[in-house]
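The values are calculated or read from the model by the stated rules, or taken from the named source; none is laboratory data. Just so we're clear, the structure is a prediction, and the values are computed from it rather than from any experiment. All Cβ positions, glycine included, derive from the backbone under ideal geometry; neighbour counts span all protein chains shown.
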Amino acid sequence: MPEFYLQIFADPILRGTIGFALGAVTGSFLNVCASRIPNGLSIIRPASRCPNCNDGIAWKNNIPIVSWLFLKGKSKCCDYRIPLRYFVLEFLTAVLFAFFFVSFGNINDYHYLLTSLIFIPIIMVVIVIDLETMTIPDRFSIGGAMVGLILSFLMPALHGFSNEPLFLERVSALLASLLGMLISSSILYWIGAIAERLMRREALGQGDVKLLGFVGAFCGWQGGLFVIFGGAIVGTVLLIPVMIISKFASRKDDSDHGNGIGLGMEVPFGPFLGIASIFYFLGLREFVEDWFETSFADFIVFFSGL
Ligand SMILES: [Zn+2]
């Protein structure tokens, strides 16, 4: 391992700073993706332009996080209000990257660092696009799942195998990833299908099912299962206050309650799944792995005792 690499990684503050800067730049790129991909535009050309007057944006007005704050959320050219999303996405990605650089600085954890740096940007851009357009582009869900399969073969430690894997361990990790993809999306598919029968309306989109395939390919079926239930919990926690407020704010229009959550608007499930998967990467992974391990041990002990 090169000397300078070890020096950088020995110091958590330096690591965190590098992670923060890298995350801010990544977040800035994600903003471009989230604005252009749903409209079928190239993410490479043209260079950044003001969406209002189409003027080019000077580099000093295009620095992640800093420029938005400095310009107070308005473009230099025509005072166009730059959506808060630009700032939030850059800042959150920066904070998450800093966290991953600090917590996975140990050289033995490099596979966690690398996979977090790949998984998190994809899930962040999916959350934004799903919130804004109610769709999840296949290139992120299906494409992301393919990336997860490949990474599992390259770094079997992702699925609990050793850091210096045998070929057989690589194949086993690839299988774990494939099973994670298939099992997670099937479970979500059937939950959605049953909910649809019970509630007589569309409960889940195909996009959510494919998104769970992406999560399962990275996190295995245990992680996928956690994200399904975690997503439901996150959704409940975030929606209950909104429902209560909207109930009090508009008692008169009981007639048109859209999809029944009392908002009169459709709510995408993808962002909740995304938030749950971020929590998984932020450290719930170990908890989930332990839980499944001990539960299965108890399960086997219970049945062998019968
Ligand atoms: Zn402008």
What do you reckon, is Leu71 of a type in the set (A, V, I, L, M), without any contact (Cβ under 8 Å) to a residue 60 or more places away in the chain and within 16 Å of the ligand (Cβ to nearest atom)? yes
Residue ID - surrounded by the fewest Cβ atoms within 10 Å (Cβ to Cβ), chosen from residues in segment 64-96 that are in contact with a helix residue (DSSP H, G or I) (Cβ under 8 Å, 6 or more places away or on another chain) and part of a loop (DSSP other than H, G, I, E, B): Leu71
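Here is a list: Met155, Met181, Met124, Met146. Which entry is modelled with pLDDT under 95 and either β-branched (Val, Ile, Thr) or in the same structural domain as Gly207 (by TED's automatic domain parsing) (or both)? Step through it out loud before you land on a result.
Details: Met181 fails: modelled with pLDDT under 95; Met124 fails: modelled with pLDDT under 95; Met146 fails: modelled with pLDDT under 95.
On inspection, the qualifying residue turns out to be Met155.
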Can you say whether Ser141 is surrounded by 19 or more Cβ atoms within 10 Å (Cβ to Cβ), among the hydroxyl-bearing types (Ser, Thr, Tyr) and within 16 Å of the ligand (Cβ to nearest atom), as far as the supplied structure shows? no
What's the number of the only condition in (1) closer than 16 Å to Gly274 by Cβ; (2) small (Gly, Ala, Ser); (3) touching an Asp or Glu at 6+ places or on another chain (Cβ under 9 Å) that Ser103 fails to meet? (1)
Identify, from the list Ile278, Ile261, the residue that is touching a Leu at 6+ places or on another chain (Cβ under 8 Å), at pLDDT below 80 and within 27 Å of Ser185 (Cβ to Cβ). Ile261
Can you confirm whether Leu41 is within 15 Å of the ligand (Cβ to nearest atom) and in contact with a helix residue (DSSP H, G or I) (Cβ under 9 Å, 6 or more places away or on another chain)? no
